[in-house]
């Protein structure tokens, strides 16, 4: 078995040079030291799992900034979903509040669904979640959203196509490639 | 959910766009509540007609499975309303607007730009949420119970949202006594950086392109715009520009008592005293260099700078010339 021929990516160097300012930058954006530390950690973890070569410090900096910005947006979306879920629960009469276990299951599913649908227009995403998550008929969804049943059908098909393409692309990206086959 | 006979796990190649589109349409029809037996038979025929159709349908099933935790859940309607609420377009619009305002404030106008204009902060201060005129002091309560004292010629903007409580100091000086809210961190932005207080009482002042912070209770985390950081514990102070953070030193108690209308001088040069008084007094206040280094002691009323001047005049070898109401100069006593 041959050892690694290519130059090792010096993640330690990157970390030394960029971790402090990245964390500061994140803290500035997020207004929270703990979140900033977590996201800075996540950013370097991603670099570890998907190594990249940088030819200059500014290049690394701008890449890290872009990645960290994406992580911030993800975090904000998560927080928004969590808050909306808490708000909805708070507005329910006590005997209708689901058990802690159900609450956690729902939240996790919502976060996953939101991560999948967040680029879709809200109406399309809402119709899709109602139709599939609540197993409502097109007529029921149409009434709730104030659109025609034909529109609901279109929304559902559009959201599903979007998700299929997303998944298919991911599946292809995740295929191991460029790895020499061992006999 | 209708299941097809798909035994293989993840397909190795991406199905054609046409296969994916048809799969999505079949899915929309089959689950609509309006599909007939004939529709279902046609769908089976579609599946059987090509390998890539089965592959595409495999994705449909995978995606549907993500909704399973909701489907059997008694709280599913609540979950859907939470999802809708989080997706409310008005919320999105608001965020975009805020983003644009922030960009305008910081990017286009630029902090540096207005701080060098002859009437600093006026343009920004007019848009601020809370402000005081020169010589005015005011105490306000924010919606979370935080107490803020605004010193003379001060402007702050308030941006309280779901995730955080953010104050922007646009001009002047504030003393903050934060109310605790474990879910929403508090932060204060200045043109030179950000402050993250932890259960505190502290002052923040903008002066000549620098931010001055002094902490009297709790602690404050300081991060300059350039990313430098320091933690200030109670009794400590520092100042910083966008790029440089000064050493942490012992806090000057005088920096806090202004909230009680007092300017405390403990062996400070007259020049510093006058510089302070200028902040509270509209118009020109000149100081002759010959007396600039005289030392000042005692407490002076800052709500009434003219009386403070008279008090100084009575204890120091100086003469206060009132050439006009808006033009006063301090000279050596002859």
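Going from the fewest other Cβ atoms within 10 Å to the most, the residues A:158, A:27 appear in the order A:158, A:27. Using the rule -39500 (n - 2.57) for each DSSP H run of four or more residues, divided by the residues of chain A, the 222 nm mean residue ellipticity is -24000 deg cm²/dmol. Each Cα pair under 8 Å and six or more residues apart adds its sequence gap; the mean of these over the residue count of segment B:17-86 is a relative contact order of 31 percent.
Of the peptides A:79-90, A:64-75, the ranking by mean beta-carbon count within 10 Å, highest at the top, reads A:79-90, A:64-75. The mean number of Cβ atoms from other chains found within 10 Å of a Cβ in peptide A:24-36 is 5, as a whole number. Distance between the modelled labels on residue B:48 and residue A:53, one decimal in nanometres: 5.4 nm (7 Å Cα→Cβ projection). Projected label points at residue B:250 and residue A:20, each 7 Å from Cα along the beta carbon direction, are separated by 2.9 nanometres.
Over 11 Å apart: what share of the alpha carbon pairs of segment B:222-261 falls there, rounded to a whole percent? So the pairs more than 11 Å apart make up 66 percent of the total in segment B:222-261. For segment B:181-334, what percent of Cα pairs sit more than 28 Å apart? For segment B:181-334, the share of Cα pairs beyond 28 Å comes to 32 percent. From the alpha carbon centroid of segment B:271-302 to that of segment B:238-266 is 17 Å. As a length-normalised measure over Cα pairs under 8 Å and 6 or more apart, the relative contact order of segment A:10-97 settles at 27 percent.
Note on segment B:261-332: the C-alpha convex hull projects to 4.0 nm² when averaged across all orientations. Expressed per residue, the C-alpha convex hull volume of segment A:10-97 stands at 103 Å³. Neighbouring Cβ atoms from other chains, within 10 Å of the Cβ of residues in A:115-125, number 2 on average. Using equal-weight Cα scatterers in the Debye expression, the normalised intensity of segment A:58-155 in log10 at q = 0.18, 0.24 Å⁻¹ is -0.97, -1.23. Look at B:241, B:224 and count the other Cβ atoms within 10 Å of each Cβ; fewest to most, that gives B:241, B:224.
Every Cα-Cα pair in chain A was counted, and those over 20 Å apart are 69% of them.
Angle of helix A:11-30 to the longest C-alpha principal axis of chain A, folded into 0 to 90 degrees and rounded to 10: 40°.
Seen from all directions on average, the protein assembly as shown presents a Cα convex hull projection of 33.4 nm².
Report the FRET efficiency, 1/(1 + (r/R0)^6), for residue B:139 and residue B:234, where r is their Cβ-Cβ distance and R0 is 25 Å, rounded to 0.05. Efficiency, from the Cβ-Cβ distance: 0.70.
Computed from the Kirkwood radius of its Cα pairs, the Stokes-Einstein diffusion coefficient for segment B:17-86 at 20 °C and 1.002 mPa s stands at 156 µm²/s. The antiparallel fraction among DSSP beta bridges confined to segment B:261-332 stands at about 75%.
All of the numbers you see were taken from the coordinates with simple rules; none came from a lab. All values reported here derive from a predicted model rather than from experimental measurement. Glycine also receives a Cβ, built like all others from the backbone with ideal geometry; neighbour counts cover every protein chain displayed.
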